[in-house]
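The values are calculated or read from the model by the stated rules, or taken from the named source; none is laboratory data. Remember, predicted model here, so these are calculated numbers, not experimental data. Heads up, the Cβs are rebuilt from the backbone with ideal geometry, glycines too, and the neighbour counts pull from every protein chain shown. Side chains are part of the model used for accessible areas, which takes the heavy atoms of the whole protein and leaves out ligands, DNA and RNA. Shrake-Rupley method; radii C 1.70, N 1.55, O 1.52, S 1.80 Å.
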Amino acid sequence: MDTSRFVDILETEGRLLADAAEEAGTTASVPSCPGWRVRDLLRHTGVVHRWAAAFVSDGHLAPRPMGELPELDGPGLVAWYRAGHRLLVDTLAGAAPGVECFTFLPGPPSALAFWARRQAHETAVHRFDAESARGGTPAPVATDFAVDGIDELLRGFHARRRSRVRSGTPRVLRVRTTDTDAVWTVRLSQQPPVTTRDAAGEAECELAGPAGELYLALWNRLPVPAVSGDQELAALWRDTSAVV
């Protein structure tokens, strides 16, 4: 997937998020994020959007803290979120392809590609959260985008030392989409997981499902559609894989 596609998805997902939040109301609870209300979702995602845009627009080469959460609520908070989302989309769409700035995951070929991809996935997951607060059936996640998001999670986030998915003895977990040929092998140890895009060797447990559902499940928004093999290994993933 190229950068322009990620920016297009970011634009659509952010608009859907704002629309769902507005319909739900900022006091509505968010079932997929226990303890959160829609106001918390908008404040968090709006701050993340402004934080990401600043790396690209200002060329920051080192990590920077996120801004303070606004005290806005109600329609003013929705409008603030929409403005920050617009700023992020316009910043990414107008940036030079070779812009240099801080990134924090391996994989994408450029800083611009990184931020477009990361913010598209950030916004898609939180769009699901907003729609779960509104009620009704959430919009589906495109299959190729979901596959990319699973790859980002497994080979990006969980390649970092911050991953809490560890095992005292070597274990092998398989992750498989049932509507594409995408499959990953996750090798666990006392070190951060090592994930390869293949089905090499025997796995003790497999997490499987259609890409869109599996994507949301691995981000702890839905149950995993199908689990086979060692249930303890599945529970280890479920209990320790949340990104913090």
Handout entry: Taking the chain and dividing mean pair separation by its residue count, relative contact order in percent (alpha carbons under 8 Å, at least six apart)
Key = 18 percent
Problem - Restricting region 194-233 to GluC sites (Glu not before Pro) in coil, as DSSP defines it, with at most 12 other Cβ within 10 Å - result: Glu202
Completion exercise
1/(1 + (r/R0)^6) with r = Cβ-Cβ of Ser228 and Arg164, R0 = 25 Å, i.e. FRET efficiency to nearest 0.05, evaluates to 0.60
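Percent relative contact order of region 193-244, based on C-alpha pairs within less than 8 angstrom and at least six residues apart?
Numbers: 43 pairs, mean separation 17.9, N = 52.
It comes to 34 percent, rounded to a whole number.
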Problem - Cα radius of gyration and Dmax for the chain (Å) - result: 18.1, 54
Exercise for the section: Give a residue-ordered list of calculated ³J(HN,Hα) values for region 69-81 (Karplus: 6.51 cos²θ - 1.76 cosθ + 1.60, θ = phi - 60°; whole Hz; x for Gly, Pro). Expected result: 5, x, 8, 5, 8, x, x, x, 5, 4, 5, 4, 4
Problem - Full-stretch length increase - Arg15, Ala62 - with 0.36 nm per residue and alpha-carbon distance subtracted - result: 13.9 nm
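When the accessible area of the chain is computed with all protein chains present and a 1.4 Å probe, what percentage of it is carbon and sulfur?
53 percent
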Fill in the blank from the handout: Counting only protein heavy atoms and rolling a 1.4 Å probe, one gets per residue an accessible area for region 162-244 in Å² of 48 Å²
Handout entry: Positive-pole candidate from Ala93, Pro138, Ser163, dipole of region 70-211, charges at beta carbon
Key = Ser163
Completion exercise
In terms of the charge dipole of region 1-126, which places +1 on Lys and Arg and -1 on Asp and Glu at the beta carbon, the residue among Pro109, Ala28, His121 farthest towards the positive end is Pro109
Exercise for the section: Give, rounded to the nearest 20 debye, the magnitude of the charge dipole that the chain has about its Cα centre when Lys and Arg contribute +1 at Cβ and Asp and Glu contribute -1 at Cβ. Expected result: 660 debye
Problem - Per-residue ³J(HN,Hα) for region 96-107, Karplus 6.51 cos²θ - 1.76 cosθ + 1.60, θ = phi - 60°, Hz, x for Gly and Pro - result: 5, x, x, 4, 10, 6, 5, 9, 9, 10, x, x
Practice task
List, largest first, the extents of the alpha carbons of region 138-244 along their principal axes, each in whole Å.
Solution key: 39, 29, 21
Fill in the blank from the handout: In degrees rounded to 10, the 0-90 angle between helix 111-134 Cα long axis and the longest Cα principal axis of the chain is 80 degrees
Completion exercise
Taking a probe of 1.4 Å and leaving out DNA, RNA and ligands, region 1-118 shows per residue an accessible area in Å² of 48 Å²
Fill in the blank from the handout: By accessible area (1.4 Å), largest first, Thr45, Thr180 order as Thr180, Thr45
Exercise for the section: Starting at the first residue of region 223-235, write each ³J(HN,Hα) from the Karplus equation 6.51 cos²θ - 1.76 cosθ + 1.60 with θ = phi - 60°, in whole Hz, x for Gly and Pro. Expected result: x, 5, x, 9, 10, 10, x, 5, 5, 5, 5, 4, 5
Handout entry: Modelled label reach - Thr143, point 7 Å along Cα→Cβ, region 201-227 residues with backbone N closer than 15 Å
Key = 209-215
Exercise for the section: Please report, to two decimal places, log10 I(q)/I(0) for region 11-106 at q = 0.11 Å⁻¹ as given by the Debye formula with identical point scatterers on the Cα atoms and no solvent. Expected result: -0.35
Exercise for the section: With springs only between Cα atoms under 10 Å apart, run a GNM on the chain and tell me which of Gly168, Gly107, Gly74 wobbles the most. Expected result: Gly168
Exercise for the section: Would you mind telling me which residue in Arg162, Arg43, Arg174 has the biggest mean-square fluctuation in a Gaussian network model of the chain, where springs connect alpha carbons within a distance under 10 angstrom? Expected result: Arg162
Practice task
Please find, in a Gaussian network model of the chain (springs between Cα atoms separated by less than 10 Å), the residue of Arg221, Arg155, Arg171 whose mean-square fluctuation is greatest.
Solution key: Arg171
